[in-house]
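The values are calculated or read from the model by the stated rules, or taken from the named source; none is laboratory data. Values in this document were obtained by computation on a predicted structure and should not be read as measured data. All Cβ positions, even for glycine, are placed from backbone atoms using ideal geometry, and neighbour counts span all protein chains on display.
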Amino acid sequence: MTTQEPLILAIDTSFDETAIALTAGRRVLVSRIYSQIDAHREWGGVVPSIAKRAHQERFDSVLAAVIRAYTKRYGTAFDPKDPRTSLAGIVSAVAVTKGPGLAIALEVGLLHAQDLAAYWNVPIVAVNHMEGHLVSAFVQNSNGNPQRTAAFPLLGMLVSGAHTELVEWRGFGDQTIIGETVDDAAGEALDKAARMLGYGYPGGAVIERLAEEVENADPYRFPRPMIRSGDLQFSFSGLKTALLYTVKPMDEQQQIEQARLLASSFQEAVIDVLVAKLELAIKKTGICSVAVGGGVFANKRLRKKVRACVARHGGTMYAPAASYLYVDNAAMIGVAAYSHFLNKEYASGAELDRAPRMRL
Ligand code: ZN
C-alpha cells in the first residue's frame, strides 16, 4: 500500500510544457515535465502550432516515464508494452487542465485524459490552470512536506507570463479574482523588456540576473502604472512603452552599457506596482496572509519584497516549496483536483471542451 488518499493522474498541456504527475491528496508521488523552451526560443516566444505538435509527440513518453517511476518507487509491476496497464485499479481519477491556455495545446491533454479515463474506467476532474498555481504553495513532496496548512481566508497572488491576478481565497475550490491586469501580464512585460534590451526568451530570469549585477539599482525611475488608482487593477503596457522611449535614442554601445541599469530599473518598477497592489488588497480585505504562485515568483527579489510587505501587516507569505512548482507543472493540477474529486465534481461531454479564456 502506497498511500491513504486516492491516487490522481494529472495532466497539464496548457502552454509550452508537457506535464504529467501522480498525486495523492496534497502529496506529489511523481512529477515529470517536458519543457519545449528550446523549440520556441528561436521564435522569441511560444508558437501554438509548435506547442501542439510537441505535446502530441511527447505525451506518451512523459506518461511512460511517470508510470515507470511510480512502479519503481512503490514496487508494483511495470508493463513496458502498454504502461497504462500498470496503473489499472490503482488510479482513482484523471485530472486535466481545461483552461486557460493555448486552445490547441489544451486540446491534446483533454483528449489524452478522456482516453486514459475510459481505459481505467475512472472519472475526470477538469481543472482551472490558475487554481493549480493558487494551490502550488501547499503542494507537498511524497513524504508530506512541508506540513504547512492553509489558514483560510488567504489572499492569492498569481504572477506569470500570461496572468497577474489577486485572489480572495476562502478554501480549496472556493476563490474569486479581486484584481487583475488590464493589459499585459507582469511576466509578459519582463519578457518584452528583455527582448528590447537584446536578450532572448524567456526574459524574466535574464532581467533578474542583470538587476542583481547592479544590486537592483533604479536610476531610471520608470513610471509605476496605476499605483495610485485606488483599485486592484494592474497595467504594464505603459511601462513597456517608457522603456522603449528610453532605449530608442541610445546607440548600440550605450544600450549595451546601460542594459543592466535599464533592466534593474524596469524590474523595480514592476515589483513596486505588484507590492503596492498587494498591500492595498490587504487593507481592503483585512486578509494579511498570502499564497503566491506563478513563474514570476521564481524571482527572489519579488519574493523578498512581498514577504516583507506581508510581514509588516502581521501575515505570512506561503510560496511553493520546490522550484518546479513555480513554472507550469501537473502536480499542482492534481492537488487542485483533489477537493473537486472529493465533492464528486466530475466532468464529461461538453464540460471537457477546452476553455482557453477560463477564469477563476
Ligand atoms: Zn501557468
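Screening Met250 with (1) over 18 Å from Ala189 (Cα atoms); (2) touching a residue at least 24 places away in the same chain (Cβ under 8 Å) gives one miss only, at (2). Every condition in (1) farther than 30 Å from His112 by Cα; (2) surrounded by 23 or more Cβ atoms within 10 Å (Cβ to Cβ); (3) under 25 Å from the mean Cα position of the chain (by Cα) is met by Met332 except one, and the failing one is (1).
Selection of first residues in region 5-28 that are without any contact (Cβ under 8 Å) to a residue 12 or more places away in the chain and at positive phi and of second residues that are more than 16 Å from the ligand (Cβ to nearest atom) and assigned to a strand (DSSP E or B), restricted to Cβ pairs under 8 Å at least 6 apart or on distinct chains, gives an empty result.
Could you go through region 191-201 and let me know if any residue there is part of a loop (DSSP other than H, G, I, E, B), surrounded by fewer than 22 Cβ atoms within 10 Å (Cβ to Cβ) and within 16 Å of the ligand (Cβ to nearest atom). Yes, that holds for at least one residue.
Among the residues of region 346-360, those identified as exposed (fewer than 12 other Cβ atoms within 10 Å of the Cβ) and over 17 Å from the mean Cα position of the chain (by Cα) are Ser348, Gly349, Ala350.
State whether one or more residues within region 176-185 are crowded, with 24+ Cβ neighbours inside 10 Å, within 14 Å of the ligand (Cβ to nearest atom) and under 17 Å from Val273 (Cα atoms). Scanning region 176-185 turns up no residue that is crowded, with 24+ Cβ neighbours inside 10 Å, within 14 Å of the ligand (Cβ to nearest atom) and under 17 Å from Val273 (Cα atoms). When you look at Gly156, is it of a type outside the set (Lys, Arg), closer than 30 Å to Ala269 by Cβ, over 16 Å from the mean Cα position of the chain (by Cα) and assigned to a strand (DSSP E or B), yes or no? Considered against the rule, which asks whether it is of a type outside the set (Lys, Arg), closer than 30 Å to Ala269 by Cβ, over 16 Å from the mean Cα position of the chain (by Cα) and assigned to a strand (DSSP E or B), Gly156 comes out as no. When only residues in region 159-175 that are away from the ligand (no atom under 16 Å from the Cβ) and not in a strand (DSSP E or B) count, which is surrounded by the most Cβ atoms within 10 Å (Cβ to Cβ)? Within region 159-175, the match that is surrounded by the most Cβ atoms within 10 Å (Cβ to Cβ) is Phe172.
Residues that are within 22 Å of Cys288 (Cβ to Cβ) and among the small types (Gly, Ala, Ser) within region 169-185 comprise Gly171, Gly179, listed in sequence order.
Among the numbered conditions (1) surrounded by fewer than 16 Cβ atoms within 10 Å (Cβ to Cβ); (2) farther than 24 Å from Thr316 by Cα; (3) in contact with a strand residue (DSSP E or B) (Cβ under 7 Å, 6 or more places away or on another chain), the only one that Arg148 does not meet is (2). How many residues does region 60-115 hold that are aliphatic (A, V, I, L, M), within 17 Å of Leu7 (Cβ to Cβ) and either in contact with a Cys (Cβ under 9 Å, 6 or more places away or on another chain) or touching a residue at least 60 places away in the same chain (Cβ under 8 Å) (or both)? Selection size over region 60-115: 8. Look at Lys300 and say whether it is surrounded by fewer than 20 Cβ atoms within 10 Å (Cβ to Cβ), modelled with pLDDT of 95 or more and either of a type in the set (D, E, K, R) or touching a Ser or Thr at 6+ places or on another chain (Cβ under 9 Å) (or both). Taking the combined requirement at face value, the residue satisfies it.
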